[in-house]
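Some notes on the structure that comes next.
The values are calculated or read from the model by the stated rules, or taken from the named source; none is laboratory data. Given the structure is predicted, the values throughout are model-derived calculations rather than measurements. As a convention, Cβ positions derive from the backbone with ideal geometry for all residues, glycine included, and neighbour counts pool all protein chains shown.
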Amino acid sequence: MNAAPALLGYAAGVGFLAPRLMLHSAWTHRAPALAVAAWHGLTVSFTIAVALAAHHLATPTEHLHADLIGVLHSCGLTTATGAPDPTVADRLAIALPFSVVLVVLGSFAFEVLRGRRARSRHRAVLDMVGRRSPDLCATVLEHDLPAAYGLPGYKPRVVVSQGALRLLSAGQLDAVLEHERSHVAGRHHLVMAAMQAFARVFRRLPLARQAKEQTSVLLEMIADDRALRSQSRDVLATAMYEMAAAKAAPAGAFAVSGPSAVVRLRRVLTPQRRPHVALRGSVAAAAAVVPVIPLLFSCVPTIG
């Protein structure tokens, strides 16, 4: 029996049902870093399942390991006896799954380079109009509107406007700056680039849409949690409220304000316990194992 139907069924479950389960899970906002890992595990698993399904649809009577051995034999990378030289169809069956993976990786590279170019242009502007503040470890803009954002990547920096400095108290300013430093230190731009790449390739898939949207919110929550290490919940909440009307961050940057501010404000003001250690361990294990599951459909012998 060919593994393609099982792989397609699995991909459908991951692509359509798993996002609903994630959205209705109460633990995700209590453990945002773990939730980001779970979303990424699902996207990787879906990509592998689609790639392997493409292979099995092209070779309905063969197993994946047999085709790989044949291709390696023709390339001189193995000396296994009795391995037949692969036909054009065999080569196509290997090329199809690799193409799926390469399209996703190419989209990721595109998103990374596009973000880098946008940040480079903005960084050049900051070098001309901003001034470095050693006390704040940030670049200050002479702008009346409140604004604060992190510019990650090459020569990262945190940017704050003069309007924000006048608006925020010392504690509120520290919370905002710590929030932005978390984005920079955590390389959150690469995490978002991966989700944007997946959403670009599978744009109509519920998993792609929800993974991108939820990861954006969860990364902000991770940064909020870092700010809470140095400031109280009230201080961070008032800072978020004051910055609610802040100028939007430029492309490729992260800002403490944004469309998720209301959800995050409610979370900050309503402290919740972290998920039980058993739940955290189970989710972490599932996030690590789920990308491997599609391989089991391909490698486990099926009954003819």
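Please pick out the residue among Tyr149, Tyr154 that is hydroxyl-bearing (Ser, Thr, Tyr) and closer than 30 Å to Val103 by Cα. Explain how you work it out, then say what you get.
Working: Tyr149 fails: closer than 30 Å to Val103 by Cα.
Among Tyr149, Tyr154, only Tyr154 is hydroxyl-bearing (Ser, Thr, Tyr) and closer than 30 Å to Val103 by Cα.
Test Gly304 against the stated conditions and say whether it is modelled with pLDDT under 85 and touching an Asp or Glu at 6+ places or on another chain (Cβ under 8 Å).
Here the answer is no, as Gly304 does not meet what is asked.
Can you tell me which residues in the stretch 21-47 are touching a residue at least 40 places away in the same chain (Cβ under 8 Å) and farther than 18 Å from Ala285 by Cα? Walk me through how you get there before you give the answer.
Going through the stretch 21-47, the residues touching a residue at least 40 places away in the same chain (Cβ under 8 Å) turn out to be 22-23, 27-47.
Leu23, His29, Thr47, listed by residue number.
Tell me, which residue of the stretch 164-187 that is aliphatic (A, V, I, L, M) and closer than 13 Å to Arg229 by Cβ is farthest from the chain's Cα centre (by Cα)? Break it down into steps so the answer makes sense when it comes.
Keep residues of the stretch 164-187 that are aliphatic (A, V, I, L, M), which gives 164-165, 167-168, 170, 173, 175-177, 184-185.
Next, from what is left, pick out any that are closer than 13 Å to Arg229 by Cβ: 175, 177, 185.
On the way: Ala175: 24, Leu177: 23, Ala185: 15 Å.
In this case the residue turns out to be Ala175.
Just the residues that are buried (at least 19 other Cβ atoms within 10 Å of the Cβ) and either in a loop (DSSP other than H, G, I, E, B) or among the small types (Gly, Ala, Ser) (or both), please, taken from the stretch 137-185.
Ala138, Pro146, Ala147, Ala148, Gly150, Pro152, Gly153, Ser161, Ala164, Leu168, Ala175, Ser182 - these are the residues of the stretch 137-185 that are buried (at least 19 other Cβ atoms within 10 Å of the Cβ) and either in a loop (DSSP other than H, G, I, E, B) or among the small types (Gly, Ala, Ser) (or both).
When the stretch 200-215 is examined, which residues are found to be surrounded by fewer than 22 Cβ atoms within 10 Å (Cβ to Cβ) and either in a helix (DSSP H, G or I) or of a type in the set (D, E, K, R) (or both)?
Within the stretch 200-215, Arg200, Val201, Arg203, Arg204, Pro206, Arg209, Gln210, Lys212, Glu213 qualify.
Say we look at the stretch 250-288 and pick out the residues that are surrounded by fewer than 21 Cβ atoms within 10 Å (Cβ to Cβ) and either of a type in the set (S, T, N, Q) or closer than 20 Å to Gly115 by Cβ (or both); which of these is modelled with the highest pLDDT?
That would be Ser282.
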